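Working notes for the structure below.
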Amino acid sequence: MTRIKCCGMTRVEDAVLASQWGADAIGVIFTARSKRRVDIAQARAICAALPPFVSTVALFMDDDAQLVRDVQREVQPDLLQFHGQESEDWCRQFGHRYLKAIAMGEGAKALEQLHAYPSAAGLLLDGHGLGEAGGSGKSFDWSLMPQHLTQPLILAGGLTAENVGHAVRTARPWAVDVSSGIESFPGIKDRAKMHAFIEAVRGAL
Ligand SMILES: O=C(O)c1ccccc1NCC(=O)[C@H](O)[C@H](O)COP(=O)(O)O
(Lines give C-alpha, C1' and ligand atoms only; values in the text may rest on other atoms or scores of the structure.)
Protein backbone atom coordinates (compact mmCIF):
# COMPACT_ATOMS: atom_id res chain seq x y z
CA MET A 1 0.00 0.00 0.00
CA THR A 2 1.38 3.42 -0.93
CA ARG A 3 1.23 5.87 1.96
CA ILE A 4 -0.03 9.40 1.32
CA LYS A 5 1.25 12.68 2.75
CA CYS A 6 -0.82 15.80 2.06
CA CYS A 7 1.44 18.79 2.57
CA GLY A 8 1.13 22.54 2.99
CA MET A 9 -2.00 22.44 5.14
CA THR A 10 -3.10 25.79 6.56
CA ARG A 11 -6.72 25.03 7.52
CA VAL A 12 -8.04 22.58 10.12
CA GLU A 13 -10.97 21.52 7.92
CA ASP A 14 -8.73 20.54 4.99
CA ALA A 15 -6.45 18.45 7.21
CA VAL A 16 -9.37 16.68 8.90
CA LEU A 17 -10.99 15.84 5.55
CA ALA A 18 -7.72 14.52 4.15
CA SER A 19 -7.28 12.24 7.16
CA GLN A 20 -10.91 11.05 6.99
CA TRP A 21 -10.44 10.18 3.32
CA GLY A 22 -7.30 8.18 4.05
CA ALA A 23 -4.22 10.43 4.15
CA ASP A 24 -1.52 8.92 6.37
CA ALA A 25 0.35 12.14 7.09
CA ILE A 26 -0.29 15.87 7.14
CA GLY A 27 2.47 18.40 6.51
CA VAL A 28 2.63 21.90 8.00
CA ILE A 29 5.24 24.35 6.74
CA PHE A 30 7.14 26.79 8.95
CA THR A 31 9.75 28.20 6.62
CA ALA A 32 9.33 31.86 5.63
CA ARG A 33 10.17 30.78 2.05
CA SER A 34 6.72 29.22 1.72
CA LYS A 35 3.41 30.71 0.60
CA ARG A 36 1.86 27.99 2.77
CA ARG A 37 3.57 29.00 5.98
CA VAL A 38 1.68 28.52 9.25
CA ASP A 39 2.48 29.86 12.70
CA ILE A 40 2.70 27.71 15.79
CA ALA A 41 -0.89 28.38 16.87
CA GLN A 42 -2.30 27.33 13.47
CA ALA A 43 -0.14 24.22 13.43
CA ARG A 44 -1.22 23.24 16.94
CA ALA A 45 -4.88 23.60 15.94
CA ILE A 46 -4.38 21.43 12.86
CA CYS A 47 -2.46 18.71 14.73
CA ALA A 48 -4.92 18.65 17.64
CA ALA A 49 -7.84 18.06 15.27
CA LEU A 50 -6.36 14.96 13.64
CA PRO A 51 -7.48 11.45 14.59
CA PRO A 52 -5.03 8.89 16.03
CA PHE A 53 -2.62 7.15 13.65
CA VAL A 54 -2.32 10.12 11.29
CA SER A 55 1.24 11.46 11.43
CA THR A 56 2.16 15.13 11.51
CA VAL A 57 5.22 16.45 9.69
CA ALA A 58 6.78 19.89 10.34
CA LEU A 59 8.70 21.36 7.38
CA PHE A 60 11.70 23.65 7.35
CA MET A 61 14.08 24.94 4.71
CA ASP A 62 17.49 26.21 5.85
CA ASP A 63 15.80 27.74 8.89
CA ASP A 64 17.18 28.80 12.24
CA ALA A 65 17.64 25.90 14.67
CA GLN A 66 15.72 27.85 17.29
CA LEU A 67 12.58 27.80 15.10
CA VAL A 68 12.86 24.02 14.85
CA ARG A 69 13.22 23.71 18.64
CA ASP A 70 10.23 26.00 19.23
CA VAL A 71 8.11 23.86 16.90
CA GLN A 72 9.32 20.63 18.55
CA ARG A 73 8.30 21.94 21.95
CA GLU A 74 5.02 23.67 21.02
CA VAL A 75 3.63 21.49 18.20
CA GLN A 76 5.22 18.09 18.95
CA PRO A 77 5.13 16.81 15.37
CA ASP A 78 5.82 13.14 14.68
CA LEU A 79 8.47 13.96 12.10
CA LEU A 80 10.56 16.91 10.99
CA GLN A 81 11.24 17.48 7.27
CA PHE A 82 14.24 19.44 6.05
CA HIS A 83 13.85 20.78 2.56
CA GLY A 84 17.00 22.84 2.02
CA GLN A 85 20.73 22.29 2.00
CA GLU A 86 20.95 21.17 5.63
CA SER A 87 23.78 18.71 6.41
CA GLU A 88 23.18 15.37 8.09
CA ASP A 89 24.79 16.64 11.32
CA TRP A 90 22.48 19.65 11.30
CA CYS A 91 19.38 17.50 10.79
CA ARG A 92 20.44 15.10 13.57
CA GLN A 93 21.03 17.76 16.23
CA PHE A 94 17.34 17.77 17.23
CA GLY A 95 17.25 14.10 18.24
CA HIS A 96 13.94 13.79 16.32
CA ARG A 97 12.97 11.47 13.45
CA TYR A 98 13.24 13.39 10.19
CA LEU A 99 12.74 13.24 6.43
CA LYS A 100 15.30 14.82 4.12
CA ALA A 101 14.16 16.24 0.81
CA ILE A 102 16.39 15.71 -2.22
CA ALA A 103 16.00 18.19 -5.11
CA MET A 104 15.78 16.10 -8.29
CA GLY A 105 15.71 19.04 -10.72
CA GLU A 106 19.28 18.25 -11.81
CA GLY A 107 18.29 14.69 -12.75
CA ALA A 108 20.38 11.56 -12.08
CA LYS A 109 23.27 13.57 -10.56
CA ALA A 110 21.04 14.40 -7.59
CA LEU A 111 20.94 10.72 -6.66
CA GLU A 112 24.45 11.08 -5.18
CA GLN A 113 22.79 12.92 -2.29
CA LEU A 114 20.79 9.84 -1.32
CA HIS A 115 23.67 8.38 0.65
CA ALA A 116 24.39 11.55 2.63
CA TYR A 117 21.59 11.09 5.19
CA PRO A 118 21.82 7.60 6.71
CA SER A 119 20.09 8.83 9.88
CA ALA A 120 16.98 10.03 8.02
CA ALA A 121 13.76 8.08 8.60
CA GLY A 122 13.01 8.56 4.89
CA LEU A 123 14.10 10.50 1.82
CA LEU A 124 11.67 12.65 -0.15
CA LEU A 125 12.59 13.00 -3.81
CA ASP A 126 11.09 16.24 -5.15
CA GLY A 127 10.97 17.66 -8.66
CA HIS A 128 12.32 21.16 -8.04
CA GLY A 129 15.89 22.37 -8.54
CA LEU A 130 18.64 22.68 -5.93
CA GLY A 131 18.04 25.70 -3.69
CA GLU A 132 14.44 26.13 -4.88
CA ALA A 133 11.43 25.86 -2.58
CA GLY A 134 9.11 22.86 -2.65
CA GLY A 135 5.45 23.04 -3.53
CA SER A 136 6.57 23.93 -7.06
CA GLY A 137 4.35 21.52 -9.00
CA LYS A 138 7.45 20.37 -10.91
CA SER A 139 7.90 16.65 -11.48
CA PHE A 140 11.02 14.65 -12.39
CA ASP A 141 11.74 11.48 -14.35
CA TRP A 142 10.05 8.89 -12.11
CA SER A 143 12.10 6.07 -13.61
CA LEU A 144 15.10 7.52 -11.71
CA MET A 145 13.58 6.41 -8.40
CA PRO A 146 16.04 3.90 -6.87
CA GLN A 147 14.55 0.51 -6.05
CA HIS A 148 17.15 -1.00 -3.70
CA LEU A 149 17.68 1.52 -0.93
CA THR A 150 16.93 0.47 2.63
CA GLN A 151 15.48 3.87 3.57
CA PRO A 152 11.84 4.46 2.59
CA LEU A 153 11.54 6.80 -0.41
CA ILE A 154 8.76 9.34 -0.81
CA LEU A 155 7.86 10.57 -4.29
CA ALA A 156 6.98 14.27 -4.56
CA GLY A 157 6.70 16.99 -7.14
CA GLY A 158 3.92 17.78 -9.57
CA LEU A 159 1.68 14.88 -8.58
CA THR A 160 -2.03 15.10 -9.36
CA ALA A 161 -5.01 12.73 -9.40
CA GLU A 162 -4.44 12.36 -13.14
CA ASN A 163 -0.76 11.33 -13.05
CA VAL A 164 -0.26 9.69 -9.63
CA GLY A 165 -1.33 6.20 -10.75
CA HIS A 166 1.31 6.19 -13.48
CA ALA A 167 3.84 7.70 -11.04
CA VAL A 168 3.25 4.97 -8.44
CA ARG A 169 3.49 2.18 -11.02
CA THR A 170 6.74 3.62 -12.40
CA ALA A 171 8.54 4.71 -9.23
CA ARG A 172 7.15 2.19 -6.70
CA PRO A 173 7.66 4.60 -3.78
CA TRP A 174 6.96 3.92 -0.10
CA ALA A 175 4.75 7.02 -0.09
CA VAL A 176 3.65 9.94 -2.23
CA ASP A 177 3.58 13.57 -1.19
CA VAL A 178 1.34 16.20 -2.76
CA SER A 179 0.70 19.87 -2.27
CA SER A 180 -0.14 22.05 -5.28
CA GLY A 181 -1.90 19.20 -7.11
CA ILE A 182 -4.70 19.24 -4.53
CA GLU A 183 -5.03 23.03 -4.23
CA SER A 184 -7.19 25.80 -5.62
CA PHE A 185 -4.72 28.40 -4.27
CA PRO A 186 -1.44 27.98 -2.31
CA GLY A 187 -2.38 26.63 1.14
CA ILE A 188 -6.07 26.26 0.26
CA LYS A 189 -6.91 22.67 -0.55
CA ASP A 190 -9.57 21.83 -3.15
CA ARG A 191 -11.82 19.11 -1.75
CA ALA A 192 -12.63 17.46 -5.08
CA LYS A 193 -8.94 17.37 -6.11
CA MET A 194 -7.89 16.06 -2.70
CA HIS A 195 -10.50 13.30 -2.71
CA ALA A 196 -9.68 12.33 -6.30
CA PHE A 197 -5.96 12.22 -5.47
CA ILE A 198 -6.39 9.91 -2.48
CA GLU A 199 -8.71 7.62 -4.47
CA ALA A 200 -6.24 7.53 -7.36
CA VAL A 201 -3.39 6.45 -5.05
CA ARG A 202 -5.53 3.81 -3.39
CA GLY A 203 -6.57 2.52 -6.81
CA ALA A 204 -3.03 2.38 -8.21
CA LEU A 205 -1.77 -1.19 -8.50
O1 LIG B 1 5.17 23.77 -0.32
C2 LIG B 1 5.89 24.74 -0.05
O3 LIG B 1 5.48 25.91 -0.09
C4 LIG B 1 7.32 24.50 0.38
C5 LIG B 1 8.18 25.61 0.51
C6 LIG B 1 9.49 25.44 0.91
C7 LIG B 1 9.96 24.17 1.16
C8 LIG B 1 9.13 23.05 1.02
C9 LIG B 1 7.81 23.21 0.62
N10 LIG B 1 6.98 22.10 0.39
C11 LIG B 1 7.46 20.78 0.56
C12 LIG B 1 6.63 19.62 0.22
O13 LIG B 1 6.79 18.56 0.85
C14 LIG B 1 5.69 19.64 -0.97
O15 LIG B 1 4.58 18.88 -0.65
C16 LIG B 1 6.44 19.02 -2.14
O17 LIG B 1 7.42 19.92 -2.54
C18 LIG B 1 5.53 18.71 -3.33
O19 LIG B 1 4.91 19.87 -3.81
P20 LIG B 1 4.02 19.86 -5.14
O21 LIG B 1 4.94 19.74 -6.30
O22 LIG B 1 3.30 21.16 -5.12
O23 LIG B 1 3.06 18.70 -5.02
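Report summary: the helix-based calculation at 222 nm, which adds -39500 (n - 2.57) for every DSSP H run with n ≥ 4 and divides by the residues of the chain, gives -8000 deg cm²/dmol.
Okay, which of the stretch 53-68 sit inside 20 Å, backbone N to the point 7 Å along the Cα-Cβ direction of ALA45? Output list for this probe position: 56-59. For THR170 and LEU67, the difference between the fully extended length at 0.36 nm per residue and the C-alpha to C-alpha distance is 33.4 nm.
Quick one: grab the alpha carbon gyration tensor of the stretch 93-153, order the square roots of its eigenvalues as a ≥ b ≥ c, and give me rounded if a/c is under 1.5, else prolate or oblate depending on whether a/b is larger than b/c. Mind dumping the intermediate values first?
Values: a/c = 2.00, a/b = 1.33, b/c = 1.51.
Oblate, because a/c is 1.5 or more while a/b does not exceed b/c.
Phi angles of the stretch 42-52 translate, via the Karplus equation with coefficients 6.51, -1.76, 1.60 and θ = phi - 60°, into HN-Hα couplings of 4, 5, 4, 5, 5, 5, 5, 7, 7, x, x Hz per residue; Gly and Pro are given as x. When the label point is put 7 Å from the Cα of SER143 along its Cα-to-beta-carbon vector, which residues of the stretch 87-124 have a backbone N closer than 14 Å? Counting backbone N atoms under 14 Å from the label point, the list is 108.
At 1.4 Å probe size, with the rest of the protein present, what percent of the exposed accessible area of the chain is carbon and sulfur atoms? Could the numbers behind the result be given before it?
Details: 4700 of 9210 Å².
Ligands and nucleic acids excluded, carbon and sulfur reach 51 percent.
ASP78 to THR150: extension gain in nm, 0.36 nm per residue of separation minus the Cα-Cα distance? Don't skip to the end; give the middle numbers.
Numbers: separation 72, 0.36 × 72 = 25.92 nm, distance 2.07 nm.
Fully extending the segment from ASP78 to THR150 adds 23.8 nm.
Relative to the Cα centre, the charge distribution of the stretch 3-203, modelled as +1 at Lys and Arg Cβ and -1 at Asp and Glu Cβ, gives a dipole magnitude of about 400 debye. Each Cα pair under 8 Å and six or more residues apart adds its separation to the average, and for the chain the resulting relative contact order is 20 percent.
With viscosity set to 0.890 mPa s and temperature to 25 °C, compute the Stokes-Einstein D of the chain, Rh being the Kirkwood radius across alpha carbon pairs; µm²/s, no decimals. Taking Rh from Cα pairs, D becomes 148 µm²/s. Annotation: per residue accessible area for the chain equals 45 Å², rounded to a whole number [probe 1.4 Å, protein chains only]. A straight chain from LYS35 to LEU205 at 0.36 nm per residue would run longer than the Cα-Cα distance by 57.8 nm.
The values are calculated or read from the model by the stated rules, or taken from the named source; none is laboratory data. Here the structure is a predicted model, which means the values were calculated and not measured. Backbone-built Cβ (ideal geometry, glycine too); neighbour counts: all protein chains shown. Only protein heavy atoms, including side chains, enter the accessible area calculation; ligands, DNA and RNA are left aside. Shrake-Rupley method; radii C 1.70, N 1.55, O 1.52, S 1.80 Å.
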